[in-house]
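Notes for the one structure printed next.
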Amino acid sequence: MDVTIINQAQSLSRAVLSFALAGHRRACLVLTLATLLCCLPGFFVIPPTDRDEGRFAQASRQMIETGDLINIRYQGEARNKKPVGIHWMQAGIATLSGYKAEAPIWVYRLPSLLGALAAVLLTYWALLPLIGRQESLIAAMLLAATFMLGIEARIAKTDAVLLATTTAAMGALIRAYLGPKTVLQTGNWIIFWLAIAVGLLIKGPITPLVVGLTATTLVVYHRSAAFLRSLRPIYGVMLVLLISLPWFIAIAVQTQGAFFQGSLGHDMFEKIGGAAEQHWGPPGYYAAAFWVFAWPAAPFLLVAWPWLWANRRDQSVMTLLAWLLPTWVLFELVFTKLPHYVLPTYPALMGLIALAVVRMGTGMPARWRQFWLVGLWLFPLLLGFAAIITVYRVEDIVLYGAIILTVLAALLGFVVNRLAGRHLPDAVPLSIVVASLLYLAVMQSAAPGLRTIWLSKTLADKINEISLCPRPQLAIAGYAEPSFVFLTRTDTYLADVAGSASFLSQAGCRLAIVDALRRNGAGELISDEFQQQLQVLRVKAEKIGEVTGRNVNGFALRRMEIWRRLP
């Protein structure tokens, strides 16, 4: 590796760090740019994903259409799982954008993007009094580039905003724990309880759970709860009730208690006691997933581990472990597992890594640092080319732009790897550039290019192309993904075969869509059954289009036939 290139990379990295450390406003500017660089690729061009994003966005759209800001509904079905907070945010932004109910999916994703940005800035703020300015800056930089945060920032659901509320509450808890010498003591309790209240409205008990486990751990460790008095619990609980209780009362009245039965009885307790929606994982699942979803921070943990173990009794390390370990262990024990469940612990993890990156000095030989940080260039190489090869095999398309971006990301990752051998903190700013190049290749180029799995979008586009009238009424049999409802109409009829045939027999501009490859319980193709039903009903119809693709859930091959009634 040319020494000149490494010298120039080091100079650039140090210039970024020096600029960001010159003041909090500059730090926030750098962190904002880092977050946007890593989260915007693919944000506007990836179609609606299934199933969570499709359901969340569709329910928010129905709030705009109906003006009902209390009930959460997907078509005619009550969504008694998560509270209303994210739907208010999505519906509010869609309305303010001017698109209103016709807003494209990226508008509904804006709360997630803003939540991810807020989480990064709040990580910097939360950790400042505990670990210092440079360490907090590096921790927030690593979080901004994290693969998992980038995924959540691009999906219109709760978890990026939840991370922001939890981090805000944890920042206030840390300040209360450290005592009156920390800043913002006057309004600190208000920040704490506001974050709890908003967190309750976003995803129920998760923010209070993370904060409560951390506080309990600190209380047990120090055998004192005196530091909690500065949070003014009595006034704080009153503030939380004032903000969150009106909606919880309203939804309890309107659903006659069904919301709490669904949210607590089915959604939460099923995940604790069993593998809800088949998302099961053994203990250790999150520890294994961390090495993928926490990239590019994950390789730094390999370097940081010896220093963290040697300094495990340091107050900063202990406090961050109190944030991290109880929540992490709890989620490892819960049967239902998804990678993003432990996202509220990521700021603590980034803080631990940043502490070691800044303070370990030259305790580890340069060659060993380079060895453990091999993931900085190997991960982009593997993920980038895996996406490129997948698109080629499925779509028969060569993504030359993605190839170039992947190679650049791997080469720059190799430079960062060598730079880490000199001075570890200098490797962090450039790792953000590596991440942004990789995300451009994977999220901006490869993901939208994999058209076969975006069946809902292809089908909706085909309907718009061939329909004889704008926005025809639709019935669809054999395919019930929420993304298709979002991309077409709220009243799209998710029917069985008989229902689709009956639907097409009625007057008006109507289309029926049937999966020609799916079979019924008797082993008969449902497209044949559909035509038989039309004959029984004496309806003359013709097939006017066909779309082939794969359902992203299960990857089953689909061939969707589009039928219209003949005059």
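The values are calculated or read from the model by the stated rules, or taken from the named source; none is laboratory data. Since the structure is predicted, the reported quantities are computational estimates derived from the model, not experimental observations. Every residue, glycine as well, gets a Cβ built from its backbone with ideal geometry; the counts of neighbours run over all protein chains shown. Protein only, heavy atoms only, side chains kept; ligands, DNA and RNA dropped before computing areas. Shrake-Rupley method; radii C 1.70, N 1.55, O 1.52, S 1.80 Å.
Numbers below:
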{"quantity": "Cα gyration tensor category, rounded, prolate or oblate, for region 372-431 with a/c compared to 1.5", "calculated": "prolate"}
{"quantity": "By average C-beta atoms within 10 angstrom, highest first, the peptides 11-17, 189-195", "calculated": "189-195, 11-17"}
{"quantity": "Furthest towards positive pole of dipole, Trp377, Tyr177, Leu534, structure part the chain, Cβ charges", "calculated": "Tyr177"}
{"quantity": "Accessible carbon and sulfur surface of region 1-143 relative to its total accessible area, %, 1.4 Å", "calculated": "62 percent"}
{"quantity": "Rounded percent of accessible protein surface that carbon and sulfur make up, region 392-468, 1.4 Å probe", "calculated": "61 percent"}
{"quantity": "The chain shape via C-alpha gyration tensor axes, a/c threshold 1.5", "calculated": "oblate"}
{"quantity": "Highest-first arrangement of 393-401, 30-38, where packing means the average Cβ count within 10 Å", "calculated": "30-38, 393-401"}
{"quantity": "Efficiency of FRET from Cβ geometry, Ala250 and Leu557, R₀ 41 Å, rounded to 0.05", "calculated": "0.35"}
{"quantity": "Rough spin-label spacing in nm, given labels placed 7 Å along Cα→Cβ, for Asn464 and Leu12", "calculated": "3.8 nm"}
{"quantity": "Residue-count net charge about Tyr99 - beta-carbon cut-off 14 Å; Lys, Arg +1, Asp, Glu -1", "calculated": "+1"}
{"quantity": "Whether region 113-222 is rounded, prolate or oblate, judged on the alpha carbon gyration tensor where a/c under 1.5 counts as rounded", "calculated": "oblate"}
{"quantity": "Dimensionless Rg/Rh of region 458-522 - Kirkwood Rh, Rg from C-alpha atoms", "calculated": "0.95"}
{"quantity": "Solvent-accessible area of Leu440 with every protein chain in place, 1.4 Å probe, in Å² to the nearest 10", "calculated": "60 Å²"}
{"quantity": "Modelled FRET efficiency - R0 56 Å, Ala226 with Arg538, Cβ distances, 0.05 increments", "calculated": "0.10"}
{"quantity": "For region 398-499: span of alpha carbons on each principal axis (Å, largest first)", "calculated": "69, 25, 22"}
{"quantity": "Length-normalised contact order of the chain in % [C-alpha pairs under 8 Å, at least 6 apart]", "calculated": "15 percent"}
{"quantity": "Charge dipole of the chain about the Cα centre (unit charges at C-beta), most positive-ward option of Ala441, Leu114, Leu228", "calculated": "Leu228"}
{"quantity": "Highest average packing first - 221-229, 68-76, 249-257, Cβ atoms within 10 Å", "calculated": "68-76, 249-257, 221-229"}
{"quantity": "Simple Cβ-charge dipole of region 1-150, Lys/Arg +1 and Asp/Glu -1, about Cα centre, in debye nearest 20", "calculated": "260 debye"}
{"quantity": "Rounded accessible area of Phe555 (nearest 10 Å², 1.4 Å probe)", "calculated": "90 Å²"}
{"quantity": "Cα centroid separation - region 374-403 against region 290-335, whole Å", "calculated": "30 Å"}
{"quantity": "The chain - charge dipole about Cα centre, Lys and Arg +1 at Cβ, Asp and Glu -1, debye rounded to 20", "calculated": "1100 debye"}
{"quantity": "Rounded tilt (10° steps) of 375-395 against the dominant C-alpha axis of the chain", "calculated": "10 degrees"}
{"quantity": "Theoretical ellipticity at 222 nm over the chain - DSSP helices of four or more residues, -39500 (n - 2.57) apiece, nearest 500", "calculated": "-20000 deg cm²/dmol"}
